[in-house]
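*Asks:* Before anything else, here's the structure in question.
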Amino acid sequence: MTEDLSQLNLAADTMPTHIAIIMDGNGRWAKRRFLPRNAGHRQGAEAFRETLKSCISLGIKNLSVYVFSTENWRRPDQEVGFLMDLLGYLIDREITQLKKNGVRMKVLGRIHALPEMLQEKIKKLESETAENTAIQANLLINYGGRAEIVDAIKEISQEVLHGRLISSDIDETCVSKYLYTRGIPDPDLLIRTGGDFRVSNFLLWQSAYTELVITDTLWPDFGKETLIDAIRVYQSRDRRFGGVHEK
């Protein structure tokens, strides 16, 4: 059930349609508690679970989260293996509840490079939630903004080569149709946890006019109040999209 936004000091007419999150700080969260990094990743998974619930209750229709970047393969093999296993476990654990809550799940990125078992679980996750309409949750796995643009260019080049496109057809709308996020509105709000001021190769094309909110909160500590605070900041902004608002 959608909450009464006015009780939360949120304006219903300026709620973001699409929120994107760079979930940073799992390792630091664990280190501060003298725990292994994997403990931070486990707690981070729970933070995502709760954030998804919060977005549903607030009426957010799209949520995109940066799960694993194309650069994350540089991490130690043990950590990468743990993350792949954790993703598979979470899909198995959560799929029934996701269907019950009306969540449509999409996984975006170079999925073909993931372990085959995980690829199969992703296919099942997307298939079994495809008809849900409460919210679309996009998991960006083996994702990089530059890689996405390169892959789009390759697809467009093939279309031109085979005569299905001509150069004059190629504009921003055309390019958007070849991105992983085709059919998904650009994010209105991008939240980065952990305090760093950079976008880390995340949704580079799509975030051209996205409002950025940086919080020092580490991702495992991220909760509903932090989310609401970020939305309040977003709603306080004057979004001009390169134009001028007359006073």
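*Asks:* Do we have Gly163 as within 28 Å of Ile228 (Cα to Cα) and over 17 Å from the mean Cα position of the chain (by Cα) here?
*Replies:* Values: within 28 Å of Ile228 (Cα to Cα): no; over 17 Å from the mean Cα position of the chain (by Cα): yes.
Answer is no for this residue.
*Asks:* Yes or no: Ser200 buried (at least 16 other Cβ atoms within 10 Å of the Cβ) and either touching a Leu at 6+ places or on another chain (Cβ under 6 Å) or hydroxyl-bearing (Ser, Thr, Tyr) (or both)? Walk me through how you get there before you give the answer.
*Replies:* Working: buried (at least 16 other Cβ atoms within 10 Å of the Cβ): no; either touching a Leu at 6+ places or on another chain (Cβ under 6 Å) or hydroxyl-bearing (Ser, Thr, Tyr) (or both): yes.
Against the criterion (buried (at least 16 other Cβ atoms within 10 Å of the Cβ) and either touching a Leu at 6+ places or on another chain (Cβ under 6 Å) or hydroxyl-bearing (Ser, Thr, Tyr) (or both)), Ser200 does not qualify.
*Asks:* Can you tell me which residue among Ser207, Ser157 is of a type in the set (Gly, Ala, Ser), at pLDDT 95 or above and in a loop (DSSP other than H, G, I, E, B)?
*Replies:* Working: Ser157 fails: in a loop (DSSP other than H, G, I, E, B).
Result: Ser207 is the single residue among Ser207, Ser157 that is of a type in the set (Gly, Ala, Ser), at pLDDT 95 or above and in a loop (DSSP other than H, G, I, E, B).
*Asks:* Among Ile21, Ile60, which is surrounded by 15 or more Cβ atoms within 10 Å (Cβ to Cβ), in contact (Cβ under 8 Å) with a residue 12 or more places away in the chain and out of contact with any helix residue (DSSP H, G or I) (no Cβ under 8 Å at 6 or more places or on another chain)?
*Replies:* On the way: Ile21 fails: out of contact with any helix residue (DSSP H, G or I) (no Cβ under 8 Å at 6 or more places or on another chain).
Answer to the selection: Ile60.
*Asks:* Among the numbered criteria (1) in a loop (DSSP other than H, G, I, E, B); (2) over 23 Å from His18 (Cβ atoms), which one does Trp73 miss?
*Replies:* (1)
*Asks:* Here is a further query. Answer yes or no as to whether Val107 is aliphatic (A, V, I, L, M), out of contact with any Asp or Glu (no Cβ under 6 Å at 6 or more places or on another chain) and crowded, with 17+ Cβ neighbours inside 10 Å. Steps first, please.
*Replies:* Numbers: aliphatic (A, V, I, L, M): yes; out of contact with any Asp or Glu (no Cβ under 6 Å at 6 or more places or on another chain): yes; crowded, with 17+ Cβ neighbours inside 10 Å: yes.
Yes, satisfied.
*Asks:* Checking the conditions here, which among Asp229, Asp221, Asp188 is closer than 13 Å to Ile21 by Cβ and charged (D, E, K, R)? Break it down stepwise before answering.
*Replies:* On the way: Asp229 fails: closer than 13 Å to Ile21 by Cβ; Asp221 fails: closer than 13 Å to Ile21 by Cβ.
Only one candidate qualifies: Asp188.
*Asks:* Moving to a separate point now. Looking at Gly163, Gly194, Gly223, which one is surrounded by fewer than 17 Cβ atoms within 10 Å (Cβ to Cβ), touching a residue at least 40 places away in the same chain (Cβ under 8 Å) and farther than 19 Å from Leu108 by Cα?
*Replies:* Going through Gly163, Gly194, Gly223 in turn, just one is surrounded by fewer than 17 Cβ atoms within 10 Å (Cβ to Cβ), touching a residue at least 40 places away in the same chain (Cβ under 8 Å) and farther than 19 Å from Leu108 by Cα: Gly223.
*Asks:* If you take the residues of the stretch 115-142 that are out of contact with any strand residue (DSSP E or B) (no Cβ under 9 Å at 6 or more places or on another chain), part of a helix (DSSP H, G or I) and touching a residue at least 24 places away in the same chain (Cβ under 8 Å), which of them is surrounded by the most Cβ atoms within 10 Å (Cβ to Cβ)?
*Replies:* Ranking the candidates gives Lys121 first.
*Asks:* Please give the number of the condition Arg182 fails out of (1) among the basic types (Lys, Arg); (2) touching a Ser or Thr at 6+ places or on another chain (Cβ under 9 Å); (3) part of a helix (DSSP H, G or I).
*Replies:* (3)
*Asks:* Hey, another quick one. Restricting attention to the stretch 185-205, does a residue exist that is among the hydroxyl-bearing types (Ser, Thr, Tyr) and under 14 Å from Ile149 (Cα atoms)?
*Replies:* If we filter the stretch 185-205 for residues that are among the hydroxyl-bearing types (Ser, Thr, Tyr), which is where we start, we get 193, 200.
Filter once more, so that each one left must be under 14 Å from Ile149 (Cα atoms): none.
The answer is no; no qualifying residue exists.
*Asks:* Scan the stretch 228-242 and give yes if some residue there is over 14 Å from the mean Cα position of the chain (by Cα), of a type in the set (A, V, I, L, M) and under 20 Å from Gly109 (Cα atoms), otherwise no.
*Replies:* No; the residues of the stretch 228-242 include none that is over 14 Å from the mean Cα position of the chain (by Cα), of a type in the set (A, V, I, L, M) and under 20 Å from Gly109 (Cα atoms).
*Asks:* Identify the single condition in (1) assigned to a loop (DSSP other than H, G, I, E, B); (2) over 30 Å from Arg75 (Cβ atoms) that Ile231 does not satisfy, given that it satisfies every other one.
*Replies:* All conditions pass for Ile231, except number (1).
The values are calculated or read from the model by the stated rules, or taken from the named source; none is laboratory data. All values derive from a computational prediction rather than experimental measurement. Here the Cβ is made from the backbone with ideal geometry for all residues, glycine too, and neighbour counts use every protein chain on show.
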